[in-house]
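Trainee: Questions regarding the structure given below will be posed in turn.
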Amino acid sequence: MLFNKKMTVIGALALLVLAGIAAASPPKGIYKNLKVLPKNISAEDLDKVMDSWKASLGVRCSFCHAPSKTEARKMDYASDEKPEKDIARKMYLMTGKINKKYFDYNAKDTAVKAPVTCMTCHHGKEHPESTLPAKK
């Protein structure tokens, strides 16, 4: 009888430990179709990037992300259906190249802010204003 109680307690403790480990481990492959952002980006860092892009362009998630075809009022974040998503990727790579080439910016140094960001040209608008002279 005492043996059964000990085994029950040990089994319950083992289940709690395993549940704790599973809860603490980040989910594998949670983000699909990341092409320019790091595959192992944390949820917090991804939210920061997306929030900065939204603020820089004055838009909502639906500007780049397509709606889900199966769930109402949800986004299909992995979909490449909207061309704006690919444009955002190209702009992200472009600003990275500018910062590295002209400002010797190291993206891994999170203490230093990037000199050129989306806000540099967009100023909170979907499409940046052209500074080029009008064609005649």
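The values are calculated or read from the model by the stated rules, or taken from the named source; none is laboratory data. Computed from a predicted structure; not experimentally measured. In this analysis, Cβ positions are derived from the backbone assuming ideal geometry, glycine residues included, and neighbour counts consider all displayed protein chains.
Trainee: R60 versus (1) farther than 24 Å from E129 by Cβ; (2) surrounded by fewer than 13 Cβ atoms within 10 Å (Cβ to Cβ): which is the lone unmet condition?
Mentor: (1)
Trainee: Being in a helix (DSSP H, G or I) and not aliphatic (A, V, I, L, M) is the filter here, so list the residues in segment 68-97 that pass it.
Mentor: At the first step, the residues of segment 68-97 found to be in a helix (DSSP H, G or I) are 83-97.
If the condition is that a residue be in a helix (DSSP H, G or I) and not aliphatic (A, V, I, L, M), then P83, E84, K85, D86, R89, K90, Y92, T95, G96, K97 are the ones that fit.
Trainee: Assuming L13 fulfils every condition listed in (1) surrounded by 10 or more Cβ atoms within 10 Å (Cβ to Cβ); (2) modelled with pLDDT under 75; (3) not in a helix (DSSP H, G or I) apart from one, which condition is it?
Mentor: (3)
Trainee: So, in segment 37-67, of the ones that are assigned to a loop (DSSP other than H, G, I, E, B) and modelled with pLDDT under 95, which residue ends up nearest to Y92 (Cα to Cα)?
Mentor: If we filter segment 37-67 for residues that are assigned to a loop (DSSP other than H, G, I, E, B), which is where we start, we get 37-42, 58-60, 64-65.
If we keep only those that are modelled with pLDDT under 95 as well, we get 37-42.
On the way: L37: 9, P38: 12, K39: 15, N40: 18, I41: 15, S42: 18 Å.
The extreme case among them is L37.
Trainee: If I ask for residues that are more than 17 Å from N33 (Cβ to Cβ) and of a type in the set (G, A, S), which ones from segment 70-117 would you list?
Mentor: Those that are more than 17 Å from N33 (Cβ to Cβ) and of a type in the set (G, A, S): A72, G96, A107, A111, A114.
Trainee: Answer with yes or no whether M91 is within 16 Å of the chain's Cα centre (by Cα), in contact (Cβ under 8 Å) with a residue 24 or more places away in the chain and on the phi < 0 side of the Ramachandran plot. Working first, answer last.
Mentor: Values: within 16 Å of the chain's Cα centre (by Cα): yes; in contact (Cβ under 8 Å) with a residue 24 or more places away in the chain: yes; on the phi < 0 side of the Ramachandran plot: yes.
For M91, the condition - within 16 Å of the chain's Cα centre (by Cα), in contact (Cβ under 8 Å) with a residue 24 or more places away in the chain and on the phi < 0 side of the Ramachandran plot - is met.
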